[in-house]
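Shown next, in structure tokens, is the structure this report addresses.
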Amino acid sequence: MKILIIEDEPELAKDIAHYLSGENHLCEFASTLNQAIEKIELYAYDCILLDLMLPDGNGLKILEILKTQNKQDGVIIISAKNSIEDKVAGLQIGADDYLTKPFHLSELSARIHSLIRRKQFTGSNSIQQNEITIDLLGKTVKVSDIEINLTKKEIDLLLFFIGNKNRVLSKSALAEHLSGDIADMFDNHDFVYAHVKNLKKKLTEAGYGNYIKTIYGTGYKWEA
Amino acid sequence: MGGVKLLNKTFRIYLLCSIAVLVIAAPIFYFSMTRLYIEDTDETLLLYKKEFQHYYLSHFRQSEIENWNKYNRDIKIEPVISSVVSDTFFHKSFIDSLDNENEPYRVLQSPVVIENKPYLFTARISLVESEDLIESIAVVFVVLIALLLGVLVFVTNRFSTKIWQPFRDTLAKLKSFDLTAQQTVSFDKTDIEEFEELNQSLQKLIDKNISVYNQQKTFIENASHELQTPLAVLKAKMDLLLQNKDLTNEQSEIINAIELPLSRVSRINKNLLLLAKIENSQFADKEKIELTELINETLELLANYITAKQITVDKNLSEKLAVNCNKTLLEILIGNLLINAIVHNTEKGSIMIEFSGRTLTVSNTGKTALDNKKIFERFAVSSSETGNSGLGLAIVKEICNRYNWQIQYLFDADFHSFAITF
């Protein structure tokens, strides 16, 4: 997958690329609006990560260019501006998602996964992972053709793990994913433990391998 | 306000001053009047003497003295008893045979020679009784005071309203002035110098205040904005560090311990930014929002945290309550109230949410009452104690202020309650 990271903070761009590197993604960088415009005119990307506040202009311009040139690149806005107006404007012009800084890399990774999945929609929108099959439209999960009963939250959690294979996910990242922005307001994310435990239990009972590992003191990891 | 009105105060001072002046002036007036009167009398007496000398003395006979004295009550020729060498004036009382009363007189005695024999010319003029004089002066003064005050009251009542109008206008504008409203005040021009000066000084003060306030707001907004990017880098670095396969248990614990303060910083920053935005009057558009629906949605989002703390939620939202305001702000308001009720709740505590009329009350179990005065201030409760940003309720208050909603805090029977009247 080809990903363009349009971000003027080089450290952040580097870290994003580093985190995504294990996933068979190819990351390219642009730190100014002009660089970004050059790149999108020359190449097509599966996903563009777009910072709105660039030294030489507003990133929303990229969206306009993509729209006028009728390009299909998926765009996730990553912005320090947590304003509804920007969010609405961005999504209206054609962005697929909006993530406010600061964010967990795992959340970004899950969003990229979900975006690419939607872009590659082929009719039977399902994900295959080891012995598991997730039907994204029907919201059903099957382990070796036997349907298991997962709650909405558990499916969400499962997708988040799959979107971050072989990555250690901190409790706060999981909490933020499950509760959204509101998780920011809490220090205690112990509820994550209960959800992961339930998910693990249901998967093991259905005969699925124990892929979710608890990492001492920090969180969980899906080992595939 | 318990003070005295400026008008009444000046009026009182006028009154006291006039009375004082009149009281001091009355005796002075009395004495100079008496003096003038005596001087006048003396002159008249001298005139009598001159007339006598001029018209009668040259041909006056001793034999005529008896007759003269018989028909003249006030000018008499008497034999010399004591030696009077020149004109002598003095006061003397005589019994008035008609009234049988002592009457004061001014008397002039002067030596005259009639047919070579010395005689005493005595002329007298009755003086008005001094009591009568005091009485008349007093009457005149009382009438004067009354007249003066009457005019004063009339003038103050008649003209003060007009004269003080610019002052009242200024006061009314100051009262309605709201620093957060981002609107400067313009005072009407007045031809009274003092008021014009006051208005100009106030204008300067207000403009300066607005500018300082704006600078501060912009500063907070910029500062929070600037912090977002380094925070994002920090968070990303932490996520990467977690991926390190060679982390020892000790290192993992340290990373975990960093996550907490990091998320607090980002929470405070987010809330500061939000406050700045609310103060900047962003979130302007309004719509009608069903409160019950919004509360249920928010509870849904918070469900994980409510269950984790084993909190029971009692809802009594049977009545419909629609609020006309900005949706994001209302979401934040309800969110903060509920988050507050969870964070400051006890384990296995409860939350009660109810409507009565246009008042929404959110209560939660708690142990000790909070300081009613400080509770809505920024950072009133330090974040290290509660883990909260210290801004949640300040934001709630700010939103209430924006829409003129009333918010009240109560602690009763181990329950913290926040009541908002929309």
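The values are calculated or read from the model by the stated rules, or taken from the named source; none is laboratory data. What you are looking at is a predicted structure, and each value in this text was computed from that prediction instead of being measured. Positions of Cβ are backbone-derived with ideal geometry, glycine not excepted, and every protein chain shown enters the neighbour counts.
Of all residues in the range B:295-345, those satisfying the criterion of being among the hydrophobic types (A, V, I, L, M, F, W, C), over 17 Å from A:PHE186 (Cα atoms) and assigned to a loop (DSSP other than H, G, I, E, B) are B:LEU317, B:LEU321. Against the list (1) in a helix (DSSP H, G or I); (2) buried (at least 17 other Cβ atoms within 10 Å of the Cβ), the condition B:ASN401 fails is (2).
Under the condition of being in contact with a strand residue (DSSP E or B) (Cβ under 8 Å, 6 or more places away or on another chain) and either over 26 Å from B:TYR30 (Cα atoms) or not in a strand (DSSP E or B) (or both), the residues counted in the range B:121-135 number 5. Suppose the filter is away from every other protein chain (no Cβ under 14 Å) and among the small types (Gly, Ala, Ser); does B:GLY366 pass it? It is true that B:GLY366 is away from every other protein chain (no Cβ under 14 Å) and among the small types (Gly, Ala, Ser).
Total residues in the range B:264-302 satisfying the condition of being surrounded by 15 or more Cβ atoms within 10 Å (Cβ to Cβ) and facing another protein chain (nearest Cβ under 10 Å): the figure is 15.
Give the residues of the range B:237-252 that are more than 7 Å from every other protein chain (Cβ to nearest Cβ) and either basic (Lys, Arg) or within 60 Å of the chain's Cα centre (by Cα) (or both), sorted by residue number.
Taking the range B:237-252 first, the residues more than 7 Å from every other protein chain (Cβ to nearest Cβ) are B:238, B:241, B:244-248, B:250-251.
Residues satisfying the conditions are B:MET238, B:LYS245.
Of everything in the range B:189-225 that is surrounded by 12 or more Cβ atoms within 10 Å (Cβ to Cβ) and of a type in the set (D, E, K, R), the residue that is farthest from the other protein chains (Cβ to nearest Cβ) is B:GLU196.
Residues checked against (1) surrounded by fewer than 14 Cβ atoms within 10 Å (Cβ to Cβ); (2) over 19 Å from the mean Cα position of the chain (by Cα):
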{"residue": "A:LYS171", "(1), (2)": "no, no"}
{"residue": "A:LEU174", "(1), (2)": "no, no"}
{"residue": "A:ASP181", "(1), (2)": "yes, no"}
{"residue": "A:PHE191", "(1), (2)": "no, yes"}
{"residue": "A:GLY207", "(1), (2)": "yes, yes"}
{"residue": "A:ILE212", "(1), (2)": "no, no"}
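Residue count for the range A:177-218, restricted to those that are among the hydroxyl-bearing types (Ser, Thr, Tyr) and within 12 Å of chain B (Cβ to nearest Cβ): 5.
In summary, A:GLN129 fulfils each of the numbered conditions (1) more than 14 Å from chain B (Cβ to nearest Cβ); (2) buried (at least 20 other Cβ atoms within 10 Å of the Cβ) with the single exception of condition (2).
If only one of A:LEU174, A:LEU115, A:LEU159 is aliphatic (A, V, I, L, M), within 14 Å of chain B (Cβ to nearest Cβ) and within 21 Å of A:ILE76 (Cβ to Cβ), which one is it? So that I can check it myself, show each step before the final result.
On the way: A:LEU115 fails: within 14 Å of chain B (Cβ to nearest Cβ); A:LEU159 fails: within 14 Å of chain B (Cβ to nearest Cβ).
Only one candidate qualifies: A:LEU174.
There is at least one residue in the range B:66-82 that is in contact with a Lys or Arg (Cβ under 9 Å, 6 or more places away or on another chain) and part of a helix (DSSP H, G or I).
When you look at B:VAL112, is it in contact with a Pro (Cβ under 9 Å, 6 or more places away or on another chain), under 18 Å from B:LEU45 (Cα atoms) and among the β-branched types (Val, Ile, Thr), yes or no? So B:VAL112 fits the description; yes. The condition of being touching a Phe, Trp or Tyr at 6+ places or on another chain (Cβ under 7 Å), away from chain B (no Cβ under 14 Å) and of a type in the set (D, E, K, R) does not hold for A:LYS71.
Pairs linking a residue in the range B:142-154 that is assigned to a helix (DSSP H, G or I) to a residue that is surrounded by 11 or more Cβ atoms within 10 Å (Cβ to Cβ), with Cβ atoms under 6 Å and 6 or more positions apart or on different chains, are B:ILE145/B:LEU22; B:LEU148/B:SER18; B:LEU152/B:TYR14.
Please indicate, with yes or no, whether at least one residue in the range A:133-149 is part of a strand (DSSP E or B), over 29 Å from B:GLU347 (Cα atoms) and within 14 Å of chain B (Cβ to nearest Cβ). Scanning the range A:133-149, I find no residue that is part of a strand (DSSP E or B), over 29 Å from B:GLU347 (Cα atoms) and within 14 Å of chain B (Cβ to nearest Cβ), so the answer is no.
Could you tell me which residue of the range A:175-211 is farthest from B:THR298 (Cα to Cα), considering only residues that are in contact (Cβ under 8 Å) with a residue 60 or more places away in the chain and assigned to a helix (DSSP H, G or I)?
Step by step, filter the range A:175-211, then rank; the result is A:LEU203.
Among the residues that make up the range B:378-388, is at least one of them farther than 26 Å from A:ASN188 by Cα, out of contact with any Lys or Arg (no Cβ under 9 Å at 6 or more places or on another chain) and part of a loop (DSSP other than H, G, I, E, B)? No: the range B:378-388 contains no residue that is farther than 26 Å from A:ASN188 by Cα, out of contact with any Lys or Arg (no Cβ under 9 Å at 6 or more places or on another chain) and part of a loop (DSSP other than H, G, I, E, B).
Of everything in the range A:1-23, what is farther than 21 Å from A:ALA224 by Cβ, facing another protein chain (nearest Cβ under 10 Å) and surrounded by fewer than 16 Cβ atoms within 10 Å (Cβ to Cβ)? Give them in sequence order.
Within the range A:1-23, the first condition is being farther than 21 Å from A:ALA224 by Cβ, and the residues that meet it are A:2, A:4-17.
Narrowing further to those that are facing another protein chain (nearest Cβ under 10 Å): A:7-16.
Those that are farther than 21 Å from A:ALA224 by Cβ, facing another protein chain (nearest Cβ under 10 Å) and surrounded by fewer than 16 Cβ atoms within 10 Å (Cβ to Cβ): A:PRO10, A:GLU11.
Pull up the range B:303-346, narrow it to residues that are more than 18 Å from B:PHE418 (Cβ to Cβ), within 11 Å of chain A (Cβ to nearest Cβ) and of a type in the set (D, E, K, R), then point me to the one that is surrounded by the most Cβ atoms within 10 Å (Cβ to Cβ). Top of the filtered list is B:LYS309. Look at (1) touching an Asp or Glu at 6+ places or on another chain (Cβ under 8 Å); (2) in contact (Cβ under 8 Å) with a residue 24 or more places away in the chain and you find that B:VAL80 fails only one, number (1). Residues in the range A:26-40 that are crowded, with 17+ Cβ neighbours inside 10 Å and touching a Gly at 6+ places or on another chain (Cβ under 9 Å): A:LEU33, A:ALA36. Only residues that are modelled with pLDDT of 85 or more, in a loop (DSSP other than H, G, I, E, B) and either farther than 24 Å from A:ASP184 by Cβ or within 14 Å of another protein chain (Cβ to nearest Cβ) (or both) were counted across the range B:347-363, and they come to 3. Scanning the range B:253-263 for residues that are farther than 25 Å from B:ALA223 by Cα and more than 7 Å from every other protein chain (Cβ to nearest Cβ) returns B:ILE254, B:ALA257. Contact map, the range B:98-120: first residue in a strand (DSSP E or B), second residue of a type in the set (Ser, Thr, Tyr), Cβ cut-off under 6 Å, separation 6 or more or different chains; pairs are B:ASN102/B:SER93; B:GLU103/B:SER126; B:PRO104/B:SER93; B:TYR105/B:SER126; B:ARG106/B:THR41; B:GLN109/B:THR88; B:GLN109/B:THR122; B:VAL112/B:TYR119.
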